[in-house]
Structures are given as C-alpha cells and as structure tokens.
Amino acid sequence: MQVKEFKPLIVAFCCNWCSYAGADLAGNNRLNYPAEVKIIRVPCSCRVNPTFILRAFQRGADGVILCGCHPGDCHYTSGNYYTRRRMAMLFSMLDYLGIERERTRVEWVSAAEGAKFAATMNDFVQTVTALGENKRLEDLRCKA
Amino acid sequence: MSFQPDSLIPQVGVITDVRIDTPDIKTFRVVTPDGKKAFDHRPGQCAMLSVPGVGEAMFSITSSPTNTEYMEFSIKKCGCVTDWLHQAEVGQQITIRGPYGNPFPVDDVFAGRDLLFIAGGVGLAPLRSVINYCRHYRDRYGKIDIVYGSRSKADLLDYDEILTDWETDSGVNVHLTIDREEVGWSGHVGFVPSFVKELGFATDKTVVLCGPPVMIKFTLEELIAMGFDKTSVYTTLELRMKCGIGKCGRCNVGSKYVCKDGPVFRCDELDELPDEY
Amino acid sequence: MRKCALSVMPDLLRAVAEATPLYLPVDTDKGDALFTRWFEGADWSGACNTARGPKDLFFPQTEDLVAFKTAGKTVEVLDIRREQEDFVVFGVRPCDVKAIEVLDRVFLSEPVDSFYAARRNHALIVTAACSRPTETCFCGTFGIDPTALCGDVTVWKTEDHVYWQAATEQGERFLAALDGFLEDADDTAVTAQRAQTAALLSRLPLHSLRADAFGGGKTEAFFDHPAWDTLSQSCLGCGTCTFVCPTCQCYDIKDFDTGHGVVRYRCWDSCMYSDFTKMAHGNPRLTQKERFRQRFMHKLVYYPENNDGLFSCVGCGRCLAKCPISMNIATVMNTLGGDAR
Amino acid sequence: MQSVTRQDLLDTALEKLADGTVSHVLGWSRGTFDYEATPTLFSDPDTLRTAFVWNDFCGANLSKYLIKHTRRLEGRLLVFLKPCDTYSFNQLLTEHRFERERVFVVGVPCNGMADPRKLKAQADGILSVTAEGDTLSVETLYDGTRTLAVADLLEERCLTCKSRRHAAYDLLLGEEGEVQDSARFDEVAAIEAMSPDERFAFWQKELSRCIRCNACRDVCPACTCEQCVFGNPSSGVENKAASNEFEEKLFHIIRALHVAGRCTDCGECSRVCPQGIPLHLLNRKFIKEINENYGVYQAGAEVGTRAPLVDFTLDDPEAETVVRRGDDA
C-alpha cells in the first residue's frame, strides 16, 4: 500500500498594498514557494476578522498565515497595529485551547520583499507539514 | 436498504418556465425531472421549495389542481430563497415537497354559492389556484366576482391571464383597481377596502380574501359593515415555517399550526385564535 | 417481580451492554449526571435525575436529514439515513418516560418523523422508580406517580437490591435474557419503598401546585393575562429552559455547505429566541413577553388542546434548577393559576 | 452575611421612590426557592415592601437590564449594584448603551455571594434556607436542619474577588471596600502550565458539554449587540446548536474575543451556564494577556477609557512573542 504524502493546505491572507505585491514580486522573480499556499487578497491585514481564520481551518486549512505591511508602513496608517494586537490575542487563545501554535502565523512582508515572501511560505509549509493534518480545529462535515 | 419516504426529504423539481409578472414577482413553473407534476394538491395548499445551500421556504401553489401537467408558484422577491429564485433560469433544479396545509372547501362549502374573491398585491397568488379551479368546474358555482388591487398597473399579478381568460368568462366579473392614478389606466383608482364598499356586493356570497395584513383587516371591517357574516369569509395566513408538518413548533397561532391546520382559516375561526399573526 | 443484589449490577449492566448498546445515567465531575454510553467501570448514578433528559437519544441536538449534490443547474437528493440499531436506555425517571410520550405524540403522529420513529422503535426503556425526590420535583402536579410501573421495564432500587418488573412484552423478553442474574421476589420491599416515597413527595415544596386551571380551551383565559408582563420582564431570552426540557421539541432546519455538497440538518431551536418566528416581512412575536408567553401557553394550553388534555410539562424540575433568573413554569402556574379570569 | 441589611436597601428605595428621585427600582425578588433571586423591576412601594430581597443569593448583575428598561420606561431608575456590577455599569456607559442621568446607582457592599450549586451539592432536598449571621440554616428533606457556613459556599468568582470598591455610585450604603489583591489569574496560569495536549483535552471536555443555550451571551453585560453575529443568517457563522466540536470552539473563541478588553470579569457567564462550563477562564485569559502585554487594564474601572483591542502602541509585541511569552516561565 502506498502511503499518501501529506500536503498541507495553507491559507495566506495578504494585504493588497504590501504582501500581495510581495507575492507578485516573488512570482516575477521566479522564486519558488509551494502550490499548497492559497492566497486571499484583503485590502488591509486589519480586514481579517478572527472568524476568517477559524473559518479557514473549518474549511480544511492546515495552517493560516496573515501577511501585512511592516508596522509603520500601513497604507491606512495604522491598520496593521490593530491587526497585531488582535492576532496576538487570537493566537494566544488558540494556544490556550491546546491548538498547535505553529499553525498560525503573522508575518510582515513589504512589496519589495519577494524573497522574504517565498522564504516565509517555504518555512511555514515545512512547519505545518511537520505538524501534520489539522485535527484540533477541524470540522468533520467539511472533510471530503 | 430502502427507507419509507419522509416528509422532510424533498424531491427534485425543475424550473421549466419563468414568467416575469411584476417588477418584483416572477411565476415559476415546476415539474419533476421526468417532466411530471410533482404531486397532486387541492386549491389553497402550499409546497416547500428549497434551494440547497440557501434555504427552504413555503409558497402557495398558484396553479389549479386541474392542471395535471405542472405546478406554478408566484414568488415575490423578499428574502434569501426568493432572491436566489429570482435569478434562476429555466432548467434550474430545485427541491420541492408537499402538499401542505388545508385547502379551501371548494367541493362542499363553496359548491353552488356565489363567490367573491378579494385580493391585494401578491395575495392573488393563493387565490389564483381557487379561481381557476372554480372556473374549470364553472357549473358547480354561482356567480364569480373578483376584486383585485395593487399599487400600480405594473404590479398587477397575472394581468394577461386576467384580461384574456377571466374577463372573457361568462358569469365572472373582474374588478381591478390600483392605488394611484397612472397614465394608460382607465380603470378604478383607490384602495381595495373602499373599492369593495363602492361595488356593494350582495351579502349571500362566500368571500375569499387574501393580501397584506392591513388590507385584510380593513376589507374585513368593510365586509362586516356591509352585512357579511364572518362565517362566510375565508382567508389564508402566512407565518414562518420550517417543517411544514406541524412539528417544528413555530407557525402556531394559539393551538393551531398554520402549516397543518391552516393556512386557510374562516374569519370567525381566526377570531377565536389569539391575536398573534 | 424479580430481583438482584445491588452488587451484581455492574456485571448485569456489562452483560446488557455487550448484547446491545446501553445508555445509563453516569455521574460527571461537575456534580451532575448525564445519559452516557456504557463503558467499563461506568457506575449507575444515584442522582435524583440527569442534567438533561433522555430526549437527546431520540431527538439529538443536531442531526443530518438529507444531503444534496449540486452541479451546474442540477440537484441530486441523497438519502443519508442509516439503519438504526437496537439500544437500551437504562435508568430513565418516570417523569422522563412521560416526556417521551409527549414527544411521541408530536413525532409519531401523521406524517411520522422517520428519524425519531427509527430510534423509538429500536429503543427499550428501563425506568428507574424514584425514591429520593428533590425540591425541584413536581411530577405529581401532572399526575405522574414516580414510583409506579412504566416504560418497558421498571426497576426499584433499595438499599441492597434492585427489583425488576416488566411492563411490556418487549420488557419481558429483556428480563428473560437477564434470567441468570435475577431471582424471583415478592413486592414487599417495593411496596414499602413506594409508601415511603409517597410520604416524601407530600413534603416537597411544590407538592400543592395544581394544573387544574390550565388545559385545552383556556387560551382566552390566559393569553391576555396582565401578569405576562411582569413574569417575562427579566427573562434573558436564552434557551436554557428549552434545551434542558425533556419535552421541548421545536427545531430549526438549516443547510450547511460543506464545500463539496450541502447537508440539510435540523437542530434544536427555542421559542425564546428572537429570530424564532422572524420572517422577511416582520415578526409576530416581537418582544420577549410574546416569546415567553408562547412557551408556557404551549406547555399548559395549546399542547393539551391538541393532545387530549395531556400537558407537555412533566414536572421534572430541570428548568427550575437551571434558569439563570429563577423564572419558571412553577412560578407562572402559581401566578396565573391563582386568578384565571 | 452581607454588611448592609435588606431593610437598609428597602428604606433607600422607598425614600427615593417617595421623593420622586426615581420612578422605578431595579432589584431582586425571591426566586422559586430561598437560594435563588430573580431580577425584578419595582414601581409600587407595596410590592417592593413584600417582594424585595437582599441576601446571600443576589448574585445576578443588574446592570445589563438598564439598557432594556431605560429604553422602555420614562423617568429615572434606581438600581442596586454590588462592587463588581459597577464595573459593568461603567463599561456600558463607556459604550453609550444608556444615559447616566437616567440611572440612580445605589452602591451596595458585598461580602461575596453564595453559590446555589455548592449549596445543593451539600444539602439534598432543600426546603428552606434562612440566614443566621455568617451561617445558613438549611432545612432539608433528608438530613433535617443543617447549618452551613456562607464562607464555604461562596461562588468561585467571589473567592477571587477583584474589588470591593464600587467603581460608580450616586449613593453608597454601608462602608466602601478596597480593590482586592486577588489571585484570579492563578487558574488561568494553571491551565497555561499544562502541556498543549492537556490543555486541548481540558477544553475539549469542558466545551463539549455546551448545549448552545446562549445564556452566557444573553446575560453578559458586554454582549450588547443589537444583533449577535451568531444570530445573523448572513454572517456565515450563524447557528442555533453547536453541530460539532468545531462550532463549540468557534462560538466560545469568538464570543470571548468580541468581549476581550471590554469584559469586566463579572463572572455572570460561568454563573448562568447550565452545564457548569468555567467560561470565565476564557475571558480571564484575555484579561491576563492584555495586562501582561499592553499594560494593566481593568474594563469599567473608569468611564470613557479606550478598550485595549481598539487601541495600539507602536512597540506592541508581535503575536509570536505574545504566544511564546509563557514558555520560559
């Protein structure tokens, strides 16, 4: 019997102004990052309601990463500062509930950091692959 | 393993025709995938239509039971399910279950009587089934009067059918009214209750009344003032429903479930129910 | 009547569980008891009653009804019902047995709810007669004798023995299968215990609560009663009373998009919730007063009207114990019953 | 035993009603049993005299009712608030849920409230409960009359009381207390000290008991949305019943997050939970994190402060730092 290799599903919320452009740059520069990363473009990292993150897990994500402009560089001046607090709280709660903390991450990626984007994604996919399937925040109804 | 059919498990229905009636009402023709009528029904009964993933809602069957080929539903756009249906095209499959509720007593109480149908707006939808049933068995009933009003000419439901079929029938009198004056409208202008008063019907008729709650309220008052007895006035109610079979517990008015004991009520029966509809 | 020593109960229950899935009240570490699938070491709880009734076993909090596959304009309906296996519910209190009758009249009346019916048809109910009622109990108000024979089999637990008696043919067969554990017994001990329990029942604080003023045909007498305003005034509008109630059966039907299909499921709903009757064009029960009134009118008037006078409250007392603001059917009955107009 | 008596409260209420300061009084009346109290709105002095109670079972926080009653009624309302309730009161004012002038707050000192669950665990078949100094005389069906110390029956939230000082009042009865140096974060720390697997098992077990009755939400003075996201069909997360483990977690995580920085730690959620889930430990986790990462903040201590989650500083720690903070400890 062949053991099916585990390929994690990663959802990456990327802010329109920095991180999404960073992902674009990674693409233009032919930098590799795994196809398992599904990017969702958001106007600002602050647009990401914590419910989105939980819903991504519900719908089958094994890891969720949120990328935004570096602190101080937000297109809307301060959106990512709110994000920082909000996600710190959400992630500490997930950790408190015993959900693997490595499944969630916030990373600041600027439009010029194509290489950082690719490296971050490679690293995150590797980390989540090592963790295996998301079992602690899964919704069995959504499993095919 | 096969199970007995369960009321909550619907069958597939196909929309075979979509007719735009008014700016916010469309009439959908529904059959089973093999082109048959999904089930038999009686005039005034309802069916649960659903769009999987969107939701389920109860609609009155507007086509007459004498139509053995398909069912029709006139649906006003006002919520999730209806919004979705309004953008559906011919060939779209949905699900359907029913029939639910009690019918109008067309074969006993109505037999041999003069009938007066009074409808407002989309309230014509549940009455159309009865009207066409009575027209089909024309000799079983006396005179038929239909009073129908809506906001404007464009809001009149089944306008073509009214003009070509109903008005040309012998012994059927159609009285139309719209709320406000309008270019190209030579008919009556005014609200239904006052129009009913102006028309001044004989009080030995059996009345079937349906429309928005205010319209029902004022028309009923007018009818009583004219000398009609509540026992000869029928109406049909609508409340939020989920199961359609009197079990989910939300559509009750007092001890009566609208989905099972209604939706057709005689107005004196309504008087006995608490004022919660 | 048959009996066994209390000490053989673990072995007896194991034997039952090995033959058929068995559910019984087991103490939790929260100080309450819940119906739990038997496991090695599961002790039959001595609690007066479980935190929730056996309703969950027949009408679960959520259950899938049907699934759909959609592709383009097509819809496929998938019947996802599964074969129900036989199971035994042991230790159901008499009030809860009555509650199952209340549910039966809803779900087994035409058109029969096949989901509920499947579970009912495959269940055997072993009633545990009461001997230690508590202050929230008022089953007597609804004519229930918590020491009497009911269900398929009834057991009476005394200090050192468990007495068994079958009430139905199915119960007889069940007892026959347990023959190796049971011996014949006379009913002296049970009769004595029943008398003792009856004396205790008469000392309960709600012992004198009467339901006589209520029943079918009383809508007009109570619907516009001025007391609804004050009774409902502090109601939070939560669903606690309805969800711990063994007879509340209202449900909602919802669709869940799983990403690869649609599952239509039903779940408990509460008439106390503001969106229970909300429609696109308005809500006939606008304030908490109407919703609160609906719940009690349904239990005390509407349901009996449609079900030969049977009340849909069994006096189990769970809502008394759990209401965050201590407002409950006993208070409602006391307030309204005193001056029915 | 409470340091002010029922008579003290009653006299105040009657006086304020009589002199026209207020038109209604929001207090408690006896519940079905002696160990329960029902929040009650009084307008008639006679009813007040007969039905009003103030005892060791008046745990219910009355502040949230002010939203409903100030909207519904004319005139000014007198409300009795215990120290912890006044924090909720301030937080509601901060969020403009009602006008300060509409309410006359009578601060009532509180020595901690007794937990009916603890009482029932100790006494079976309770027929009556009478307060006698620091003890309760409990008449039972099975063990005759028993004497139990109130101190042994205190609610968990009272054992870790954060403050006996009122954060707001118009009139104070009795003597003002002090902010307590409570050990309320010990339980949170104990959970944090568990391994992730243990934490997961702990919460899995607790949250799987949830029946989604929404009592925690409906009683919560911080949950005052006109329409809750969990009751909004277009929110995508609306649900009546928790269908599975995921939805149980989703509901409680999101609810805790929605009140994070606004929760005053009044503990009503855990008090009303019919399933005995220690919900306050979720909210308290956020309070602890906020205190440790963004500076000590007590919601409702003052009116008009900015909640930490709608605020920021330029040098806030990164999410990863926050999550890993406890590791070395």
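Quick one: which residue in D:Arg199, D:Arg146, D:Arg165 is in contact with a Phe, Trp or Tyr (Cβ under 7 Å, 6 or more places away or on another chain) and not hydroxyl-bearing (Ser, Thr, Tyr)?
D:Arg199
So which of B:Cys243, B:Cys248, B:Cys259 is surrounded by 22 or more Cβ atoms within 10 Å (Cβ to Cβ) and without any contact (Cβ under 8 Å) to a residue 12 or more places away in the chain?
B:Cys248
Do you know which residues across segment C:264-299 are farther than 19 Å from D:Phe230 by Cα and touching a residue at least 60 places away in the same chain (Cβ under 8 Å)?
Of everything in segment C:264-299, those that are farther than 19 Å from D:Phe230 by Cα and touching a residue at least 60 places away in the same chain (Cβ under 8 Å) turn out to be C:Lys289, C:Phe292, C:Arg293, C:Met297.
Taking segment D:196-231 only, how many residues are facing another protein chain (nearest Cβ under 7 Å) and under 23 Å from the mean Cα position of the chain (by Cα)?
The total comes to 8.
For (1) touching a Phe, Trp or Tyr at 6+ places or on another chain (Cβ under 8 Å); (2) within 14 Å of chain B (Cβ to nearest Cβ); (3) in a strand (DSSP E or B), each residue gets a yes or a no:
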residue: C:Val26; (1), (2), (3): yes, no, yes
residue: C:Glu40; (1), (2), (3): no, no, no
residue: C:Trp44; (1), (2), (3): yes, no, no
residue: C:Cys48; (1), (2), (3): no, no, no
residue: C:Pro60; (1), (2), (3): no, no, no
residue: C:Asp64; (1), (2), (3): yes, yes, yes
residue: C:Thr70; (1), (2), (3): no, yes, yes
residue: C:Val75; (1), (2), (3): yes, yes, yes
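Take the residues of segment C:207-241 that are in a helix (DSSP H, G or I) and surrounded by 23 or more Cβ atoms within 10 Å (Cβ to Cβ): which is farthest from the other protein chains (Cβ to nearest Cβ)?
Across segment C:207-241, the extreme among qualifying residues is C:Cys241.
Can you pull out every residue in segment B:78-105 that is away from chain C (no Cβ under 12 Å), of a type in the set (A, V, I, L, M, F, W, C) and farther than 21 Å from B:Lys256 by Cβ?
B:Leu85
Is it the case that segment D:12-26 has a residue that's crowded, with 21+ Cβ neighbours inside 10 Å and under 17 Å from the mean Cα position of the chain (by Cα)?
yes
So which pairs qualify, if the first residue must be in segment D:232-245 and within 8 Å of chain C (Cβ to nearest Cβ), the second must be among the β-branched types (Val, Ile, Thr), the Cβ gap must be under 6 Å, and the two must be at least 6 apart or on different chains?
D:Ala241/C:Thr62; D:Ser243/C:Thr62
Within segment B:40-67, can you find the residues that are more than 13 Å from B:Pro99 (Cβ to Cβ) and among the hydrophobic types (A, V, I, L, M, F, W, C)?
Answer for segment B:40-67, where residues must be more than 13 Å from B:Pro99 (Cβ to Cβ) and among the hydrophobic types (A, V, I, L, M, F, W, C): B:Val51, B:Val54, B:Ala57.
Let me confirm something: among A:Thr120, A:Thr127, which residue is more than 11 Å from the chain's Cα centre (by Cα), within 13 Å of chain D (Cβ to nearest Cβ), in a helix (DSSP H, G or I) and closer than 18 Å to D:Glu318 by Cβ?
A:Thr127
Out of the residues in segment C:77-110 that are part of a strand (DSSP E or B) and within 27 Å of C:Cys48 (Cβ to Cβ), state the one that is nearest to the chain's Cα centre (by Cα).
Residue satisfying both the conditions and the ranking: C:Val92.
Restricted to segment A:99-117, and to residues that are in a loop (DSSP other than H, G, I, E, B) and away from chain D (no Cβ under 11 Å), which residue is nearest to A:Gly63 (Cα to Cα)?
Filtering first and then ranking leaves A:Val109.
Which ranges mark the helices (runs of 4 or more DSSP H) fully within segment D:146-222 that have 2 or more residues being touching a Pro at 6+ places or on another chain (Cβ under 9 Å), in contact (Cβ under 8 Å) with a residue 12 or more places away in the chain and surrounded by 14 or more Cβ atoms within 10 Å (Cβ to Cβ)?
Here the list reads D:215-219.
If I filter segment C:274-304 down to residues being at pLDDT below 90 and within 10 Å of chain D (Cβ to nearest Cβ), which single residue comes out as nearest to C:Phe223 (Cα to Cα)?
C:Thr287
Go through segment B:33-50 and count every residue that is touching a residue at least 40 places away in the same chain (Cβ under 8 Å) and surrounded by fewer than 22 Cβ atoms within 10 Å (Cβ to Cβ).
4
Which is under 22 Å from C:Thr50 (Cα atoms) and more than 14 Å from chain B (Cβ to nearest Cβ), of C:Ala166, C:Ala148?
Exactly one residue qualifies, and that residue is C:Ala148.
If you go through segment B:236-252 one residue at a time, do you hit one that is touching a helix residue (DSSP H, G or I) at 6+ places or on another chain (Cβ under 8 Å), within 14 Å of chain C (Cβ to nearest Cβ), at negative phi and not in a loop (DSSP other than H, G, I, E, B)?
yes
Just for segment A:66-98: of the residues that are in a loop (DSSP other than H, G, I, E, B) and within 11 Å of A:Cys44 (Cβ to Cβ), which one is farthest from the other protein chains (Cβ to nearest Cβ)?
Among those residues, the one meeting the criterion is A:His75.
Can you pull out the residues in segment D:181-195 that are under 20 Å from D:Gly267 (Cβ atoms), of a type outside the set (Phe, Trp, Tyr) and within 13 Å of chain A (Cβ to nearest Cβ)?
D:Glu187, D:Val188, D:Ala189, D:Ala190, D:Ile191, D:Glu192
Output the qualifying pairs, or none if there are none: Cβ atoms under 9 angstrom, residues six or more apart or on different chains, first residue in segment D:114-127 and more than 9 Å from every other protein chain (Cβ to nearest Cβ), second residue of a type in the set (Lys, Arg) and not in a helix (DSSP H, G or I).
These pairs meet every condition: D:Gln122/D:Arg146; D:Ala123/D:Arg146.
Kindly state which helices (runs of 4 or more DSSP H) lie completely within segment D:260-329 and contain at least 3 residues that are more than 14 Å from chain C (Cβ to nearest Cβ) and without any contact (Cβ under 8 Å) to a residue 60 or more places away in the chain.
Of the helices (runs of 4 or more DSSP H) lying wholly inside segment D:260-329, those with at least 3 residues that are more than 14 Å from chain C (Cβ to nearest Cβ) and without any contact (Cβ under 8 Å) to a residue 60 or more places away in the chain span D:280-294, D:319-324.
The values are calculated or read from the model by the stated rules, or taken from the named source; none is laboratory data. Just so it is clear, the structure is predicted and the values come from calculations on it, not from any experiment. Note: ideal-geometry Cβ built from the backbone for every residue, glycine included; neighbour counts use all protein chains shown.
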